[in-house]
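Take a look at the structure below.
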Amino acid sequence: MNQPIDRVAVLGGGSAGLMTALTLRSMLPELDVTLVHSSDLPPIGVGESTTSLLPPFLHEGLRLDPREFYQAVRPTWKLGIRFDWRPAEEGHFYYPFDRPADTRSAGLGKENAYYHFADGQVFSPYTEMMDQQKAPCLPRPEGGYAIDHQYGYHIENRAFVRHLHDVALKRGIHVLDRRIKQINVDPAGGVAGVRLDDDNTLTAGLYVDCTGFASKLLGQALEEPFIDYRDSLFCDRAVTGTWPRAAGVLPYTTSQTMNHGWCWLIELTDRVNCGYVFSSQFCSEAEAAEELKSRHPMVGDHVGAVKFRSGRYERFWVNNVAAVGNAAGFVEPLEATGLHMVAVSARTLGQALVDSDRRVSAAMRRQINRFIAGLWDDIRDFLAIHFAFNRRLDTPFWRHCRENTNLAGARGLLDFYRQSGPSSIGAQLIHRNSIFRYEGYLTMLIGLGVPSDYAMPATDEERQRWQRLRTSAQEMAAAALSMDDGLAMAMPPT
């Protein structure tokens, strides 16, 4: 029988390493968890955008005290994404986190998705709050305000990592400030130990590779094959910058179409963080930086650069090594899936240890590898739709995307949607554990204006009822607090 895993070594001290260490410590308090990081390699100092999974993961799963978290990290609320991806005359559309296409309102003959489809855009209380620049803080009948907790976060990475580090120390995680000098591989294809720069060798029953793009254990030492997504996702570079905030905080991430890719704007309390994600096949880093500064002159000349490749390793867990974060896979941050995948991967790793009594079988590893691979591939499929159907600009890059993007696992859904419209039967055609779920796919198909042969019939009574629902959502948003007032209510003064 396998020996029980009593000690775990987490290699890498960024958000992936710290979230993993805290997850394992929370789920298995008896586990000896050691985190190795190097203060000579500080975390990237940019803003991060999350999905709506992160707040409950942090505060319920990791039991991070919300008041302490808000005071230390100063997050802002994200209700969804604003996409400037349609022709300018059609305006923007929103991807909201309150999942409005997943319901059927009373008095309507079909699911709500059909009426969104007829409108050519999705609406919900969250889209109306985003449009009115409001916080998810709604008045209570008895007075005061209640916070609706379907939001994600915008957070500053350095402050986030610093807070997680402090919590890790308080919870008894051993934190070593060391560099990795050598990784010893055993004859069976696992890791026998990790030699650190003080010449001590760290051994454990399980090693978690959180070394970022370097993937020092899974990719380098174990030479796990990498599956490249380059035929679906053509971007491979980003230039980034920031500027001080001059106006109120917006409750969404903005995604803007650029000549050779797209640009994000992330709303922090004191500044705006931006990044232009582009394809080096179509422009140089210098050209991208100039285009970014032309679009957003506030960024000035302080522009950084990041190189990446989109894809995943064939297996997430090999022998006694599991990888979390960029060490396992990466896709450009178009839907803010980075920290989401860290959370899901860390929680899955912990669940495997709990369920197996820390004696993980080969069968369990195989099943987990299929699960994690499916999540990465689903993200690839979802993002491919974004690129294949962006109609904003007619540049060489975007023509190439429209003509050559491999839709991979989303091809069947696209064929179904073109013939049958937004029927819920199409949900059978996406990954069953999809991060975005079927209504997320529908939101993008509708928002991007993907053509369909289906025509939605609706009675005058249904149209009037639908308009009343939209008016109700607009009135609800109008009654909500502004972002500045809402954050002031939730966030203690520094």
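Taken together, the values in this text are just the output of simple stated rules run on the coordinates, not laboratory data. Computed from a predicted model, the values in this text were never measured in an experiment. With ideal geometry, Cβ positions are generated from the backbone for all residues, glycine too; neighbour counts draw on all protein chains shown.
In the range 396-489, which trypsin sites (Lys or Arg not before Pro) fall in coil by DSSP and have 10 or fewer other Cβ atoms within 10 Å?
Passing sites in the range 396-489 are ARG432.
So which lysines can LYS181 reach, going by Cα to Cα under 30 Å and dropping same-chain residues fewer than 8 places off?
Correct list for LYS181: LYS170, LYS216, LYS307.
Residue separation times 0.36 nm, minus the C-alpha to C-alpha distance between ARG140 and SER361: what's the value?
74.5 nm
Give me the one-decimal nm value for the distance between modelled label points at ARG245 and LEU169, 7 Å along each residue's Cα-to-Cβ direction.
Result: 2.8 nm between the two label points.
Which distance in nm do the two modelled labels at ASP460 and GLN351 give, with both placed 7 Å along the Cα-to-Cβ direction?
Between ASP460 and GLN351, the simple spin-label model gives 5.2 nm.
LYS134: which aspartates and glutamates have alpha carbons under 15 Å from its alpha carbon, excluding same-chain residues fewer than 8 sequence positions away?
ASP98, ASP148, GLU267, GLU475, ASP484, ASP485
When only DSSP loop residues count, what trypsin sites (Lys or Arg not before Pro) in the range 47-145 have their Cβ near at most 14 other Cβ atoms within 10 Å?
Those that pass, being in a loop and sparsely packed, are ARG63, ARG104.
What residue among LEU169, CYS235, GLN182 has its Cα farthest toward the positive end of the dipole of the range 93-241, where the charges are +1 on Lys, Arg and -1 on Asp, Glu, each on the Cβ?
Value: LEU169.
Sort the range 335-494 into rounded, prolate or oblate with this rule: let a ≥ b ≥ c be the square roots of the eigenvalues of the Cα gyration tensor; rounded if a/c is under 1.5, and if a/c is not under 1.5, prolate when a/b is larger than b/c, oblate otherwise.
Taking the square roots of the gyration eigenvalues as a ≥ b ≥ c, the range 335-494 is oblate.
Using a ≥ b ≥ c from the Cα gyration tensor of the range 204-361 (square roots of the eigenvalues), is it rounded, prolate or oblate, where a/c under 1.5 gives rounded and otherwise the larger of a/b and b/c decides, a/b for prolate?
In terms of gyration-tensor shape, prolate.
Please name whichever of TRP466, ILE81, PRO225 sits farthest to the positive end of the charge dipole of the chain, dipole taken about the Cα centre and charges placed at Cβ: Lys and Arg +1, Asp and Glu -1.
Of the listed residues, the answer is PRO225.
Can you tell me the length gained on complete extension of the stretch MET298 to GLU403, counting 0.36 nm per residue apart and subtracting the Cα distance?
That pair, MET298 and GLU403, stretches by 34.4 nm at full extension.
Roughly how many nanometres apart are two label points built 7 Å out from the Cα toward the Cβ at SER280 and ALA106?
5.9 nm
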